[in-house]
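Notes for the one structure printed next.
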Amino acid sequence: MSDRAVAIVGATGAVGLTMRSVLEESDFPLGSLRLLASERSAGTVVDTSWGEVEVEDLATADPTGIDIALFSAGGDRSRAHAPRFAQAGAVVIDNSSAFRMDPTVPLVVAGVNDAEAKRHQGIIANPNCTTMTLMMAAGPLHRAAGLRSMIATSYQSVSGSGHQGVVELIEQTDRLRPDLDSLMTGGWVDPLPSLYARPIGFNVLPFAGSETEQGYTDEEWKLVNESRKILDIPDLLVEPTCVRVPVLVGHGVAATLRFERPLGADEARAILASATGVQVWQDRVPTPLDSAGIDDVLVGRIRPTIGEPGGINLWVVGDNLRKGAALNAVQIAELLV
Ligand SMILES: NC(=O)c1ccc[n+]([C@@H]2O[C@H](COP(=O)([O-])OP(=O)(O)OC[C@H]3O[C@@H](n4cnc5c(N)ncnc54)[C@H](OP(=O)(O)O)[C@@H]3O)[C@@H](O)[C@H]2O)c1
């Protein structure tokens, strides 16, 4: 197997930096690495496991010779540059939402629908980080019992909004901390959010993403449409609510899953315990802090449904920068080689 020339596009961002770490930790046959970002970062020299690499300006970079391009620089950059990278011979694995719902582009959760990757025509899409986490639990259960519907509420960390989300949470927490009384009895001074609609410091925002159709956010529609595509269930019933929480890394989802045939909690536990990339926690409740920095998603609180028996209630949490983005992209690259 020959070593591959890999490029990370968006290499200076939250996901791009994690892609580099994941590649450094993996056995991926990487022969050479190129790092690309905006003109703001171009010229910066980065020390990597493959030697010093100078960050290039995506706008002017020549993609010739790249085998695999891991894109994570936002949808506009993907739309503008992914096709020219693919035309130059690279397989693009794209983290943005630009191509996810394109019927000619596979949408792949490694470990759930690997075979899809093989039908690519130059671009493969990485799902949204919340959908990815939920699919790691829903996929194996669907194969066993035929998923019919999901009611899913996400608890999404601020790093899901990129580096700026982390900055906003820390700044707001610092600004609000000196007057904790006001946070408990009223009279707090608005920390003037710039990224989010309402304060995220010491708070919960039941509105992740931006509003689109019928009052749902784009994050909520991603959960609906991407789940249907990944599991190949066009009529899957999904009721989504996406919530932003003051957590740095790790997206959790509380979900009610109903199936074509009744599924018991013990059977669900056994199925998930044998699924690749999943850990079932029974004695400790898995939290975002437990998921940060690890590859597996953690599933806990597996319970039978109460109102309409035969379904499963569960909690799944995963590192949004790793399995939710960078790790899955590298795993797709591994499927290709
Ligand atoms: N964060 C997550 O959990 C997550 C999960 C799944 C998917 N994603 C997707 O991954 C992408 C990146 O997310 P992120 O969280 O890493 O964001 P981020 O921390 O804000 O990083 C953005 C990256 O894009 C680059 N970039 C911005 N404008 C550019 C331009 N005009 N030309 C070239 N490069 C440009 C930035 O380079 P400079 O440093 O030079 O500005 C930086 O490397 C987004 O599409 C996001 O939706 C994120």
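The values are calculated or read from the model by the stated rules, or taken from the named source; none is laboratory data. Remember, it's a predicted structure, so these values are computed and weren't measured experimentally. Heads up, the Cβs are rebuilt from the backbone with ideal geometry, glycines too, and the neighbour counts pull from every protein chain shown. For the accessible areas, the whole protein counts, side chains as well, though only heavy atoms, and no ligand, DNA or RNA atoms are used. Shrake-Rupley method; radii C 1.70, N 1.55, O 1.52, S 1.80 Å.
Data table
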quantity	calculated
Rg(Cα) / (2.2 N^0.38 Å) computed for the stretch 1-139, rounded to two decimals	1.01
Protein accessible area in the stretch 17-130, 1.4 Å probe - carbon and sulfur %	46 percent
Rounded to the nearest 10 Å², the accessible area of residue 27 at probe 1.4 Å	150 Å²
Accessible area of the stretch 273-337 belonging to carbon and sulfur atoms, whole % at 1.4 Å probe	51 percent
The chain: most fluctuating residue of 322, 244, 79 per GNM, C-alpha cutoff 10 Å	79
Protein-only accessible surface order, largest first, of 308, 211 at 1.4 Å	211, 308
Accessible area in the full protein assembly, largest first, 1.4 Å probe, for 242, 129	129, 242
Amide H partners (placed H, <5 Å) of residue 239, local residues excluded	150, 151, 152
Listed residues 201, 215, 165, most fluctuating in the chain (Gaussian network, C-alpha, under 10 Å)	215
Relative contact order computed over the stretch 280-326 (Cα-Cα under 8 Å; 6+ residues apart), in percent	39 percent
Gaussian network model of the chain, Cα within-10 Å springs - most flexible of 326, 88, 138	88
Relative contact order of the chain, defined on C-alpha pairs under 8 angstrom at six or more residues apart (%)	19 percent
Average Cα contact separation per residue, the stretch 180-262, under 8 Å, 6 or more apart, as relative contact order %	28 percent
Probe 1.4 Å - accessible area at residue 44, Å² to nearest ten	70 Å²
The chain - mean residue ellipticity at 222 nm from DSSP helices (-39,500 (n - 2.57) per run, n ≥ 4, rounded to 500)	-9000 deg cm²/dmol
Fraction of beta bridges assigned by DSSP in the stretch 1-140 that are antiparallel (%, nearest 5)	15 percent
Accessible area in the full protein assembly, largest first, 1.4 Å probe, for 118, 323, 229	118, 229, 323
Solvent-accessible heavy-atom area per residue, rounded to whole Å², over the chain at 1.4 Å	44 Å²
Of all DSSP beta bridges in the chain, antiparallel share, percent nearest 5	45 percent
Those chymotrypsin sites (Phe, Trp or Tyr not before Pro) in the stretch 190-267 that DSSP places in a loop and that have at most 14 other beta carbons within 10 Å	none
Percent carbon-and-sulfur accessible area, the stretch 151-254, ignoring ligands, DNA and RNA, probe 1.4 Å	55 percent
Distance from the stretch 1-76 to the stretch 271-300 (C-alpha centre basis), Å	29 Å
Under 5 Å, built H, 5+ apart or other chain: amide partners of residue 46	53, 54, 55
